[in-house]
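Peer 1: Take a look at the following structure, please.
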Amino acid sequence: MGLQYDDSAFYYFLLSSFTLYLVPSYYYTLKALWNYVKPKSEESLGAVARTQEEKKKSAMIKQRAKKDATIFKTSFLVNLFLTAVLTLAAIYLIYNLSQDSEIATFDPYEILGIDRNVDNKGIKSAYRRKSLKYHPDKNPDNPAAEATFMLIAKAYEALTDETAKANWEKYGNPDGKQSLEVSIGLPTFLLDGQWKYVILLSYLFGMVVLVPSVVWFYYSNSSKYGENNVMYKTWAWINHAINEATTTAGMPEVLSGCAEYHELLMPPAEHMDRDKKAMVALEGGLRGFMQRPKYQHILVVKGNYLVHAHCTRTELPEFFQGQLEAVLRGSKNLMKAFVDQCQQRMWMGPAMEVIRFNQMITQGMWLKSTNSQLLQLPNFTKVQVKDAAKVMSGSESIEKFLSLDLDTKTSALSSLTPPQKADVILACDIIPRISVTISTFVEDDEDQKIYANDLITVRVKVDRLNLKEGENAGLVHAPRFPEPRKETWWVILATKDGKIVSIENVAKKEKVFNHDIKFMAPPQGAYDMIVYVVSNDYVGLDKKLPLHFDVADPSLLPKFVPHKEDMELDEEPTMFEQMMAGNIEEDSEDEDSDSDVEDVTSKVKTVKKVKEEDSDSDSDDDDMPVLKKEGAEGKKDQ
């Protein structure tokens, strides 16, 4: 008997396949609904309003989180539709499986539609009535009726034949114990000729249209992005736009030209005139803060205006505000890509310019003198900057202001209201003040000296003075940046001529943390380098420390003298030498163990002697090319 298509097996296959999708889909769907009904806390969202200026940012983050909730995304809605369809299909499959005669419990009374206490006459009457209804002669070309007729006959046999009844009671089947049957898990309707064109078209659609479309869609999206989730077009743009002459003033154009913003910044045709008029209106107020543009493409020009408006705290039209927020939120990975470009070429100057630009867009400040470091504090205007500068003898250093005692700070804030003063004092506790110490050493070194080719460790220890013991750093105080940011620091080791040795972004939140920089010691000599600890988010908190170390001549290292026991171990025969000794002369099976040891020792000596002779012959062979050359020349002379 050949293999046949089996509806039941096909139903099981489909149900198992649907389950693989439905189980994680239900978890994802229910989790998304729960997060929408019970949203995340302010701490987890980064929407903590510690000062009055942060309240607006906090409300904006909450609103955006609600707007960007998973249940409103297209992917969630598509998944919800598929989950509903597959759930209905799974219910239909379960129903069919429960009704399928091949897997349902064989009950002859239920098949014949009679009670269990009916007599033989009632059984025969039910059988006759059912068999006439489903007889193949009355139901031509109806496989289902034929299968039902066979099942009725089998049920009648189970109730009237003693052997069949005994088999049914014992094995659940009137034919007795059933052997394993193998069939193909495909539906039987595929054998029906009327479906052949539908099946062929479905196959062609799946293999020619559906599968290639899915592959193309996946490849077209994944092929756009490279390292650090930055688009390949952006890497090409960075390679072109950033060079050794890059400055902070030119970074807004570099950021605006990144491929991630092309679709965002390109105005649609119906809004082109509106955007141009708005940019012309902005140009007058921003011209004094901008350097002469290098690029005239509307994307770069528009992004340049938006970034400068943010840094100079210039009001923007509402239709520009959302685009600016999107540009700022997407700048995190791009800034790291800019630094990576500088690191690959060891450019210390451009790397510092990039980091300084990141500080300014985080705090909403710019390069001109009117934008003092003190404007990072809440409620500060030019008036408050002048009052604070008087207290600090003309200085506008935020680090110096943070180090003032409470009374001095309060006296410098005389023009503010009590709530505004409280905001400033609170911000001063949030903004970090750090002290940095460095040490240089070689691990597991006995004489505390550095020799050429040693692995040098430069340990940079950073202490956040604004925190108490056991406290951790919180989010950055950046009320003008539309996204919460964690406090991070760039730790850089560079040569005095401006070449980067190491640059890493450290995101440790402890009060005191260490960062190790490891590199191979250069040749013998005295070296001077510089260690920078630069804030990723605040202006004016950077530290610069000199680093000096001497590299000694490695020939001054004490000679290594092996231990006596190690030397004795070297004299013992190796496994290879013992095996070679065994090949030189056969061991005598009648000799005792002592004579065996002596014999092995003598054989090992023989092997070593042979090896020494081989080495001598090898040294002789080294002279052979010269001898051959001389012989050849002599022959030529003859």
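Peer 1: If you go through the stretch 376-399 one residue at a time, how many are farther than 17 Å from residue 542 by Cβ and buried (at least 16 other Cβ atoms within 10 Å of the Cβ)?
Peer 2: Residues of the stretch 376-399 that are farther than 17 Å from residue 542 by Cβ, as a first pass: 377-394.
Still in the list and also buried (at least 16 other Cβ atoms within 10 Å of the Cβ): 377-380, 384-385, 387-389, 391-392.
Final tally of qualifying residues: 11.
Peer 1: Working only within the stretch 6-31, note down all residues that are assigned to a helix (DSSP H, G or I) and of a type in the set (Asp, Glu).
Peer 2: 7
Peer 1: Any residue in the stretch 188-207 that is surrounded by 11 or more Cβ atoms within 10 Å (Cβ to Cβ) and among the basic types (Lys, Arg) sitting within a Cβ distance under 8 Å of a residue that is at pLDDT 80 or above and outside any helix (DSSP H, G or I)? List the pairs, counting only those 6 or more apart or interchain.
Peer 2: none
Peer 1: Can you tell me which residues in the stretch 262-292 are assigned to a loop (DSSP other than H, G, I, E, B) and surrounded by 12 or more Cβ atoms within 10 Å (Cβ to Cβ)?
Peer 2: First, pick out the residues of the stretch 262-292 that are assigned to a loop (DSSP other than H, G, I, E, B): 266-268, 290-292.
If the condition is that a residue be assigned to a loop (DSSP other than H, G, I, E, B) and surrounded by 12 or more Cβ atoms within 10 Å (Cβ to Cβ), then 266, 267, 290, 291 are the ones that fit.
Peer 1: Then there is this: Suppose we filter 111, 152, 123 for residues that are surrounded by 13 or more Cβ atoms within 10 Å (Cβ to Cβ) and within 60 Å of the chain's Cα centre (by Cα); which single one remains?
Peer 2: 111
Peer 1: Let me ask something else. Check the stretch 352-368 and report whether any residue there is without any contact (Cβ under 8 Å) to a residue 12 or more places away in the chain and surrounded by fewer than 20 Cβ atoms within 10 Å (Cβ to Cβ). Walk me through it before giving the result.
Peer 2: Taking the stretch 352-368 as the starting set, the residues that turn out to be without any contact (Cβ under 8 Å) to a residue 12 or more places away in the chain are none.
For the stretch 352-368, residues without any contact (Cβ under 8 Å) to a residue 12 or more places away in the chain and surrounded by fewer than 20 Cβ atoms within 10 Å (Cβ to Cβ): absent.
Condition check ((1) buried (at least 18 other Cβ atoms within 10 Å of the Cβ); (2) of a type outside the set (D, E, K, R); (3) out of contact with any Phe, Trp or Tyr (no Cβ under 8 Å at 6 or more places or on another chain); (4) farther than 28 Å from residue 413 by Cα) across all residues:
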| position | (1), (2), (3), (4) |
| --- | --- |
| 429 | no, no, yes, no |
| 432 | yes, yes, no, no |
| 446 | no, no, yes, yes |
| 449 | no, no, yes, yes |
| 459 | no, no, no, yes |
| 462 | yes, yes, no, yes |
| 467 | yes, yes, yes, no |
| 481 | yes, yes, yes, no |
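Peer 1: Checking the condition of a type in the set (A, V, I, L, M, F, W, C) and within 30 Å of residue 244 (Cβ to Cβ), which residue from 354, 391, 385 passes?
Peer 2: Checking each option against the conditions leaves just 354.
Peer 1: Would you mind stating whether residue 438 is closer than 30 Å to residue 525 by Cα, not assigned by TED's automatic domain parsing to the domain that holds residue 364 and either not in a loop (DSSP other than H, G, I, E, B) or not small (Gly, Ala, Ser) (or both)?
Peer 2: Details: closer than 30 Å to residue 525 by Cα: yes; not assigned by TED's automatic domain parsing to the domain that holds residue 364: yes; either not in a loop (DSSP other than H, G, I, E, B) or not small (Gly, Ala, Ser) (or both): yes.
Against the criterion (closer than 30 Å to residue 525 by Cα, not assigned by TED's automatic domain parsing to the domain that holds residue 364 and either not in a loop (DSSP other than H, G, I, E, B) or not small (Gly, Ala, Ser) (or both)), residue 438 qualifies.
Peer 1: Filter the stretch 14-47 down to the residues that are modelled with pLDDT under 85 and of a type in the set (A, V, I, L, M, F, W, C), then identify the one that is surrounded by the most Cβ atoms within 10 Å (Cβ to Cβ).
Peer 2: 47
Peer 1: May I pose another question? If residue 250 meets every condition in (1) surrounded by fewer than 18 Cβ atoms within 10 Å (Cβ to Cβ); (2) out of contact with any helix residue (DSSP H, G or I) (no Cβ under 7 Å at 6 or more places or on another chain) apart from one, which number is that one?
Peer 2: Failed condition: (1).
Peer 1: Going by the conditions given, is residue 552 surrounded by 12 or more Cβ atoms within 10 Å (Cβ to Cβ), under 51 Å from the mean Cα position of the chain (by Cα) and small (Gly, Ala, Ser)?
Peer 2: yes
Peer 1: Something else: Give the residue that is modelled with the lowest pLDDT, with candidates limited to residues of the stretch 560-587 that are in a loop (DSSP other than H, G, I, E, B) and within 30 Å of residue 446 (Cα to Cα). Write out each step before concluding.
Peer 2: We begin by selecting, within the stretch 560-587, every residue in a loop (DSSP other than H, G, I, E, B); these are 560-563, 572-574, 585-587.
So of that shortlist, the ones also within 30 Å of residue 446 (Cα to Cα) come out as 560-563.
Numbers: 560: 68, 561: 72, 562: 75, 563: 75.
My answer is 560.
Peer 1: Among the residues of the stretch 31-58, which ones are without any contact (Cβ under 8 Å) to a residue 12 or more places away in the chain and under 20 Å from residue 430 (Cα atoms)? Break it down stepwise before answering.
Peer 2: Let us first name the residues in the stretch 31-58 that are without any contact (Cβ under 8 Å) to a residue 12 or more places away in the chain, namely 31, 34, 37-38, 41, 43-44, 49, 55.
Across the stretch 31-58, the qualifying residues are 43, 44, 49, 55.
The values are calculated or read from the model by the stated rules, or taken from the named source; none is laboratory data. This structure is a prediction, so every number in the text was calculated from the model and none was measured. Cβ atoms come from the backbone with ideal geometry, glycine included; neighbour counts cover every protein chain shown.
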